[in-house]
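Okay, here's the structure, questions in a sec.
The values are calculated or read from the model by the stated rules, or taken from the named source; none is laboratory data. Being a predicted model, the structure only gives us computed values, none of them experimental. Cβ sites come from the backbone with ideal geometry, for glycine too, and all protein chains shown count toward neighbours.
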Ligand SMILES: C[S@@+](CC[C@H](N)C(=O)[O-])C[C@H]1O[C@@H](n2cnc3c(N)ncnc32)[C@H](O)[C@@H]1O
């Protein structure tokens with residue numbers, strides 16, 4: 001048998017021992033070639049005659065299949081959420097106690113005079129979260145002909161108007177007039193109207209047929225008589241563009257968004273709007289907020305209503321359905337969103353004798369054949 005490298009090493013060592021007595025023989029071993037380590041996944045108890053040492057693998061998952069780390073994080077998270085809910089609940093209880101002891105008048109509409117400058121900032125985030133922009137757009141795009149927007153506030157619907165009339169086709173392929181011939185904005189708060197007017201002028205610098213009035217929407221009349229019977233200077237404080245003075249007794253579209261909550265007499269307001277809406281094809285378009293379909297939501301709304309009204313000028317617990325019913329207007333469509341708190345309502349004047357406007361504005365006949373023949377189409381309802 002030929003000598004191996006191990007035998008050779010022992011031989012050399014014993015030679016050195018012989019030549020240098022007292023020194024410990026040094027065994028020179030041949031360099032080991034690197035032994036490949038098994039990949040981590042294959043480590044662990046091995047079967048058979050594996051040359052590798054078995055390394056017991058520490059269990060990283062419990063018998064539920066969830067690691068202790070995840071369980072700990074989950075526990076801490078739940079604890080945090082629990083503490084936060086507790087905090088919310090105790091704040092809510094405190095707010096309810098405070099709210100219930102407040103004496104708030106029915107009419108809180110004056111709050112907008114002070115909140116006008118930051119109103120948009122205040123409602124922006126909430127509206128984004130609820131995707132109200134899309135709901136506003138959908139509704140405003142239905143506006144046709146001569147349009148009145150009441151309780152216009154800071155003009156949050158401004159970007160959605162299609163201004164200028166044009167001939168187009170409806171869903172059935174029938175010819176119709178689309179777009180807005182004129183837009184009249186009305187709000188009780190001069191500060192809100194100022195913001196709305198500024199926005200409009202920035203967005204539609206070339207559109208002449210727009211007017212802005214600081215007025216109670218429950219009394220606003222569209223007739224020429226009404227315009228001329230008032231001091232133009234008093235009314236045009238917020239209306240430099242009113243020279244095209246509106247001359248019809250009706251509007252083709254009346255729009256209001258988030259307004260019924262802020263007026264002390266929402267039923268009276270709707271009745272009045274019905275009296276200035278074109279009787280045949282005119283529509284009143286509403287996007288409002290109010291009571292929910294669910295009692296637990298209504299309880300929260302009721303409990304906090306006085307504090308909310310005092311601060312924001314809006315009664316958020318009104319029953320929009322009941323207000324609509326009491327107005328006597330004909331319901332064309334009602335849709336509800338956000339647990340039923342957001343109401344999209346389309347109304348039209350009830351056919352039959354009309355009140356109010358007939359006495360207030362004798363010049364109620366549309367002037368000229370062109371106005372008479374202008375139609376208001378395009379509602380899919
Ligand atoms: C909640 S804000 C809504 C503003 C805007 N329409 C919107 O969608 O954001 C209610 C607005 O209604 C106005 N308002 C309240 N009562 C009114 C009335 N009787 N006539 C006209 N505007 C009124 C307030 O001044 C305020 O600007």
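Among the candidates 200, 251, single out the residue that is at pLDDT 95 or above, touching a helix residue (DSSP H, G or I) at 6+ places or on another chain (Cβ under 8 Å) and within 16 Å of the ligand (Cβ to nearest atom).
Exactly one of 200, 251 is at pLDDT 95 or above, touching a helix residue (DSSP H, G or I) at 6+ places or on another chain (Cβ under 8 Å) and within 16 Å of the ligand (Cβ to nearest atom), namely 200.
To keep it simple, each residue is scored yes or no on (1) free of Cβ contacts under 8 Å to residues at least 60 places away in the same chain; (2) within 13 Å of the ligand (Cβ to nearest atom); (3) under 30 Å from residue 289 (Cβ atoms); (4) not in a loop (DSSP other than H, G, I, E, B).
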| position | (1), (2), (3), (4) |
| --- | --- |
| 98 | no, no, yes, yes |
| 107 | no, yes, yes, no |
| 120 | no, yes, yes, yes |
| 125 | yes, no, yes, yes |
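Any idea which of (1) touching a residue at least 60 places away in the same chain (Cβ under 8 Å); (2) under 18 Å from the mean Cα position of the chain (by Cα) is the one residue 292 doesn't satisfy?
Just one mismatch for residue 292, condition (1).
Restricting the first residue to region 135-158 and requiring it to be closer than 21 Å to residue 247 by Cα and in contact (Cβ under 8 Å) with a residue 40 or more places away in the chain, which pairs with a second residue that is more than 10 Å from the ligand (Cβ to nearest atom) and part of a helix (DSSP H, G or I) meet a Cβ separation below 7 Å and a spacing of at least six or different chains?
Note: pairs meeting the criteria are 150/273.
Next question. Would you mind finding the one in 168, 75 that is modelled with pLDDT under 90 and either farther than 30 Å from residue 307 by Cα or touching a strand residue (DSSP E or B) at 6+ places or on another chain (Cβ under 8 Å) (or both)?
Answer to the check: 168.
Residue 188 fails exactly one of the following numbered conditions: (1) crowded, with 21+ Cβ neighbours inside 10 Å; (2) more than 22 Å from the chain's Cα centre (by Cα); (3) more than 12 Å from the ligand (Cβ to nearest atom). What is the number of that condition?
For residue 188, the exception is condition (3).
In addition: Please state which of the following conditions residue 326 fails to meet, knowing it meets all the rest: (1) surrounded by fewer than 18 Cβ atoms within 10 Å (Cβ to Cβ); (2) in a helix (DSSP H, G or I); (3) within 16 Å of the ligand (Cβ to nearest atom).
Looking at each condition in turn, residue 326 falls short on (3).
Continuing with this model, one more query. Are any of the residues in region 201-215 closer than 22 Å to residue 272 by Cβ and more than 28 Å from the chain's Cα centre (by Cα)?
The answer is no; no qualifying residue exists.
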